[in-house]
1. For PHE58, state whether it is surrounded by fewer than 10 Cβ atoms within 10 Å (Cβ to Cβ), farther than 29 Å from ALA32 by Cα, of a type in the set (Phe, Trp, Tyr) and at pLDDT 90 or above.
2. Given the condition in a helix (DSSP H, G or I), out of contact with any helix residue (DSSP H, G or I) (no Cβ under 7 Å at 6 or more places or on another chain), among the β-branched types (Val, Ile, Thr) and surrounded by 11 or more Cβ atoms within 10 Å (Cβ to Cβ), answer yes or no: does some residue in the range 14-29 qualify?
3. So which of GLY2, GLY50 ends up being under 20 Å from ALA70 (Cα atoms), out of contact with any strand residue (DSSP E or B) (no Cβ under 6 Å at 6 or more places or on another chain), without any contact (Cβ under 8 Å) to a residue 24 or more places away in the chain and not basic (Lys, Arg)?
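The values are calculated or read from the model by the stated rules, or taken from the named source; none is laboratory data. Note that this is a predicted model, so its numbers are computed, not measured. Cβ atoms come from the backbone with ideal geometry, glycine included; neighbour counts cover every protein chain shown.
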Amino acid sequence: MGSTVAAFIFALVVVGIVLELVRRKIFREKYAALWLIIGVSALVLAGWPGLLSDVSKFLGVQVASNLLFALCIILLLGVCLHLSWELSVVEDENRTLAEEVAILRTAVERLEDDFNNIERRPAAPDKPAWVPREQSTTGAAED
């Protein structure tokens with residue numbers, strides 16, 4: 001009886017922690033759903049201790065713990081598959097962002113070069129304070 005209460009309290013704490021992490025926006029909902037399913041399943045199994053053995057007898061599994069281990073392995077394989085998919089998506093986004101940063105860096109360097117190639121002159125009231133080097137007052141390019 002004591003282990004059943006401890007398992008129920010543990011499952012309740014897991015569900016509470018997951019909900020609190022989602023509420024604080026530390027944990028995303030799509031990942032929290034998996035942990036909530038695990039926590040609720042643990043709550044159900046802790047609330048009805050004979051349920052796992054009844055289900056294992058119905059499915060033809062001789063030992064209830066074997067069914068529990070098989071379900072855990074299936075769950076972990078699903079988690080690995082999902083995280084591999086998420087990693088692939090993030091790698092694609094990372095590559096795209098790196099390419100965009102390279103393009104922006106090139107554009108900034110070109111603008112800096114253009115700015116550094118501007119010939120600065122003292123401001124006259126009727127003339128601009130700067131003139132591009134390609135354009136001189138005589139019309140010929142200066143070096």
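1. yes
2. yes
3. Numbers: GLY2 fails: under 20 Å from ALA70 (Cα atoms).
Only one candidate passes the filter, namely GLY50.
Yes/no matrix, rows are residues, columns are (1) within 20 Å of LEU83 (Cβ to Cβ); (2) modelled with pLDDT under 90; (3) not aliphatic (A, V, I, L, M):
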{"position": "PHE8", "(1), (2), (3)": "no, yes, yes"}
{"position": "ILE37", "(1), (2), (3)": "yes, yes, no"}
{"position": "ALA42", "(1), (2), (3)": "no, yes, no"}
{"position": "GLY47", "(1), (2), (3)": "no, yes, yes"}
